[in-house]
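Engineer: The structure that follows is given in the form of structure tokens.
The values are calculated or read from the model by the stated rules, or taken from the named source; none is laboratory data. A quick note: this is a predicted structure, and the numbers were derived from the prediction, not measured. Glycine also receives a Cβ, built like all others from the backbone with ideal geometry; neighbour counts cover every protein chain displayed.
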Amino acid sequence: MATPIPPIEATNTGKLTRYLDTPTAYDLWSEVYDTDGNILQALDTIEMRSLLPKFLSQIPFPQPWKLVDLGCGTGRNYLQLLDVPGATILGLDTSSKMLEIARTRLNERMAVLEREPQKAKEFELLWYDMLSSAPMPTIALNADALISTLVLEHIPQYDFFQAISRVLKAGGLALVTNMHPDMGKISQAGFVDPKTGEKVRPQSYAHALEDVIEEARKQGFEIVGEVLERAVDEKTSEVLGVRAKKWIGINVWFGVCFRKRS
């Protein structure tokens, strides 16, 4: 069972850490999210270059598809989905500030999309919180496939797979990536607020990989292909930056493709 990671009272610099609810923390993080040298985000981006095309090729339904990015953040992977011909692309996130940045990026792509009508036909970014009582946006229901990258750490497993199940039609696919539990045992998501110098941490859960797979099974999902696990080595540390050095030899990322059973 997932265990909430308790607040960390002080950093190794002696400064107190602010421990915030996830939407508030990510609202603050949005200002530096794409520039603060987060190695997990950098590694996920690298992995998605090969994972996403393979994932899309496995969708069992005829095009055009409805695709959902659950926890789309600033649009890092959402924008990649815009290249899918004729698709409806929906991005959902609990942070209004992250969505603002994603909308700005989407607007920058609008002119390109208008010149390339063979690309995504419809696209929208909407607020949604998996842990609130607010209903799932109706437009996101009955999707052919879903991606959710580096989100699971912040959600209890039961709630996460409940949300995915509500989104997907029977037979639909979900590509899920997350911090590896080996990394999660000694770290959690967080950033340094450039305005205060304080460490800020959202709510995080220590999900064992086997527990994630078991919860998915209980809620009617099966694994497609293999479970991918990635550790940092000397070569990848050079690509990921100086912050990756301390993670050499440690699993930091995993990725799994699930199918919702009929």
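Engineer: Select from the range 239-262 the residues that are in contact with a helix residue (DSSP H, G or I) (Cβ under 8 Å, 6 or more places away or on another chain), farther than 15 Å from A174 by Cβ and among the charged types (D, E, K, R) and list them in ascending order. Don't jump to the end; show me each part of the working.
Structural biologist: As a first pass, look at the range 239-262 and keep what is in contact with a helix residue (DSSP H, G or I) (Cβ under 8 Å, 6 or more places away or on another chain): 239-241, 243-245, 247-248, 250-258, 260.
Cutting the leftovers down to farther than 15 Å from A174 by Cβ gives us 239-241, 243-245, 247-248, 250-253.
Correct list: R243, K245.
Engineer: Answer yes or no as to whether I147 is assigned to a strand (DSSP E or B) and buried (at least 18 other Cβ atoms within 10 Å of the Cβ). Give the steps one after another, and end with the answer.
Structural biologist: Values: assigned to a strand (DSSP E or B): yes; buried (at least 18 other Cβ atoms within 10 Å of the Cβ): yes.
Yes: the conditions hold for I147.
Engineer: Look through the range 62-82, keep the residues that are part of a strand (DSSP E or B) and not β-branched (V, I, T), and return whichever of them is farthest from Q41 (Cα to Cα).
Structural biologist: The selected residue is K66.
Engineer: I would also like to ask the following. Of everything in the range 220-239, what is more than 18 Å from the chain's Cα centre (by Cα) and surrounded by 17 or more Cβ atoms within 10 Å (Cβ to Cβ)? Give them in sequence order.
Structural biologist: Those that are more than 18 Å from the chain's Cα centre (by Cα) and surrounded by 17 or more Cβ atoms within 10 Å (Cβ to Cβ): F221, V232, T236, S237.
Engineer: I'm checking my understanding of the structure. Among residues of the range 88-121 that are among the aliphatic types (A, V, I, L, M) and in contact with a Gly (Cβ under 9 Å, 6 or more places away or on another chain), which one is modelled with the lowest pLDDT? Even if it seems obvious, please write down each step before you answer.
Structural biologist: Looking only at the range 88-121, we keep the residues that are among the aliphatic types (A, V, I, L, M), and these are 89-90, 92, 98-99, 101-102, 106, 110-113, 120.
Keeping just the survivors that are in contact with a Gly (Cβ under 9 Å, 6 or more places away or on another chain) gives 92, 98-99, 101-102, 106, 120.
Details: L92: 98, M98: 98, L99: 98, I101: 97, A102: 97, L106: 91, A120: 77.
Here the answer is A120.
Engineer: Looking at (1) surrounded by fewer than 15 Cβ atoms within 10 Å (Cβ to Cβ); (2) of a type outside the set (S, T, N, Q); (3) in contact with a Gly (Cβ under 7 Å, 6 or more places away or on another chain), which is the only condition P85 fails?
Structural biologist: With respect to (1) surrounded by fewer than 15 Cβ atoms within 10 Å (Cβ to Cβ); (2) of a type outside the set (S, T, N, Q); (3) in contact with a Gly (Cβ under 7 Å, 6 or more places away or on another chain), P85 is out only on (3).
Engineer: Against the condition without any contact (Cβ under 8 Å) to a residue 24 or more places away in the chain, assigned to a loop (DSSP other than H, G, I, E, B) and over 17 Å from the mean Cα position of the chain (by Cα), how does P85 come out, does it pass?
Structural biologist: no
Engineer: Select from the range 167-207 the residues that are under 17 Å from the mean Cα position of the chain (by Cα) and either in a loop (DSSP other than H, G, I, E, B) or of a type in the set (D, E, K, R) (or both) and list them in ascending order.
Structural biologist: Of everything in the range 167-207, those that are under 17 Å from the mean Cα position of the chain (by Cα) and either in a loop (DSSP other than H, G, I, E, B) or of a type in the set (D, E, K, R) (or both) turn out to be H180, Q188, A189, G190, R201, P202, Q203, S204, H207.
Engineer: Output the number of the condition that P62 fails; it satisfies all remaining conditions of (1) within 27 Å of K218 (Cβ to Cβ); (2) of a type outside the set (D, E); (3) modelled with pLDDT of 95 or more.
Structural biologist: (1)
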